[in-house]
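Q: The structure's right below; bear with me while I get my questions together.
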Amino acid sequence: MTEIKKDNTEEKILNAAKKVFTHKGMDGARMQEIANEAGINKALLHYYFRTKEKLFEAIFRKVFRQVFPNINTLINSDLPFEEKLGTFIDKYIELLIKNPFLPSFILKEIHRDPEFLASVIKSSGVKPQEIFGMFEREIEAGKIRKANPKDLLINMLALSIFPVAAKPLMKIMFFENDNKAYNDFLLERKKTVKEFILNSILIK
């Protein structure tokens, strides 16, 4: 029972911190604000997470570990390239849909302390070099067009992340504030991005 209560409290803290960090950024967020949002006292918050930085890291690790450790295994598997790429895009867009705070959160922290942000993301299991290697192997095998693997990865990420990052504007401009229409679009986006990327690089 004690362990269940501990897990529930930690989950409440992480959810509260996501909300405060999203609105205030790392510098603007205060531990007291996070404690208030979680409905606990500040002493209990410090018991779970001694500093704001530790709390920030915990949020990122939890989010990215849901997806990327499995992605690294996928990339190095014997599955066909199209299936690897398709699954990666599916998982990445699903990650954004389930965690819509991420784009604005990351953009704030990119300008505040990019080195710290990069270290947190890498420690969460994200390995860009594994993805670059996958592209390089396919290029060497003559299966995809010659291109800078960094360009290919950036194209995939940008095509996936922009509709989520621009949600407030897109909902007004393209979907007349219809949440269902916007969410349906995001789900369809997985297929659109896969087709666009594959059609642009596969040698047929």
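Q: Taking the range 142-156 as the search range and keeping residues that are surrounded by 14 or more Cβ atoms within 10 Å (Cβ to Cβ) and under 19 Å from the mean Cα position of the chain (by Cα), which one is nearest to LYS194 (Cα to Cα)? Spell out the reasoning first.
A: To start, the set of residues in the range 142-156 that are surrounded by 14 or more Cβ atoms within 10 Å (Cβ to Cβ) comprises 143-144, 149, 152-153, 155-156.
Within this subset, residues satisfying the condition of being under 19 Å from the mean Cα position of the chain (by Cα) are 152-153, 155-156.
Working: LEU152: 12, LEU153: 12, ASN155: 11, MET156: 8 Å.
Filtering the range 142-156 for residues that are surrounded by 14 or more Cβ atoms within 10 Å (Cβ to Cβ) and under 19 Å from the mean Cα position of the chain (by Cα), the one nearest to LYS194 (Cα to Cα) comes out as MET156.
Q: Hey, among the residues in the range 99-141 that are of a type in the set (Gly, Ala, Ser) and either within 25 Å of PHE56 (Cβ to Cβ) or within 14 Å of the chain's Cα centre (by Cα) (or both), which one's least open to solvent (accessible area, probe 1.4 Å)?
A: SER124
Q: Shifting gears a bit: Restricting attention to the range 8-33, and to residues there that are open to solvent by 80 Å² or more (accessible area, probe 1.4 Å) and at pLDDT below 90, which single residue is nearest to LYS98 (Cα to Cα)?
A: By that ranking, first place goes to LYS19.
Q: Please verify whether the range 174-197 includes one or more residues that are in contact with a Ser or Thr (Cβ under 7 Å, 6 or more places away or on another chain), within 24 Å of PHE88 (Cα to Cα) and either open to solvent by 90 Å² or more (accessible area, probe 1.4 Å) or assigned by the TED database to the domain that holds GLY142 (or both). Walk me through it before giving the result.
A: Taking the range 174-197 and keeping what is in contact with a Ser or Thr (Cβ under 7 Å, 6 or more places away or on another chain), we get 193.
Next, from what is left, pick out any that are within 24 Å of PHE88 (Cα to Cα): 193.
Still in the running and either open to solvent by 90 Å² or more (accessible area, probe 1.4 Å) or assigned by the TED database to the domain that holds GLY142 (or both): 193.
Yes, the range 174-197 contains at least one residue that is in contact with a Ser or Thr (Cβ under 7 Å, 6 or more places away or on another chain), within 24 Å of PHE88 (Cα to Cα) and either open to solvent by 90 Å² or more (accessible area, probe 1.4 Å) or assigned by the TED database to the domain that holds GLY142 (or both).
Q: Starting from the range 83-101, take each residue that is within 18 Å of LEU14 (Cβ to Cβ) and list its partners that are open to solvent by 40 Å² or more (accessible area, probe 1.4 Å), counting only C-beta distances under 6 angstrom and pairs at least six apart or across chains.
A: PHE101/LYS18
Q: In the set LYS171, LYS146, LYS150, which member is in a helix (DSSP H, G or I), more than 30 Å from GLU53 (Cα to Cα), charged (D, E, K, R) and in contact with a helix residue (DSSP H, G or I) (Cβ under 8 Å, 6 or more places away or on another chain)?
A: Answer to the selection: LYS171.
Q: Separate question: So ILE40 ticks every box in (1) open to solvent by 40 Å² or more (accessible area, probe 1.4 Å); (2) not assigned by the TED database to the domain that holds ALA118 but one. Which box is left unticked?
A: (1) is the only condition that ILE40 fails.
The values are calculated or read from the model by the stated rules, or taken from the named source; none is laboratory data. None of these values were measured; they are calculated from a predicted model. Here the Cβ is made from the backbone with ideal geometry for all residues, glycine too, and neighbour counts use every protein chain on show. Note: areas computed on protein heavy atoms with side chains; ligands, DNA, RNA excluded. Shrake-Rupley method; radii C 1.70, N 1.55, O 1.52, S 1.80 Å.
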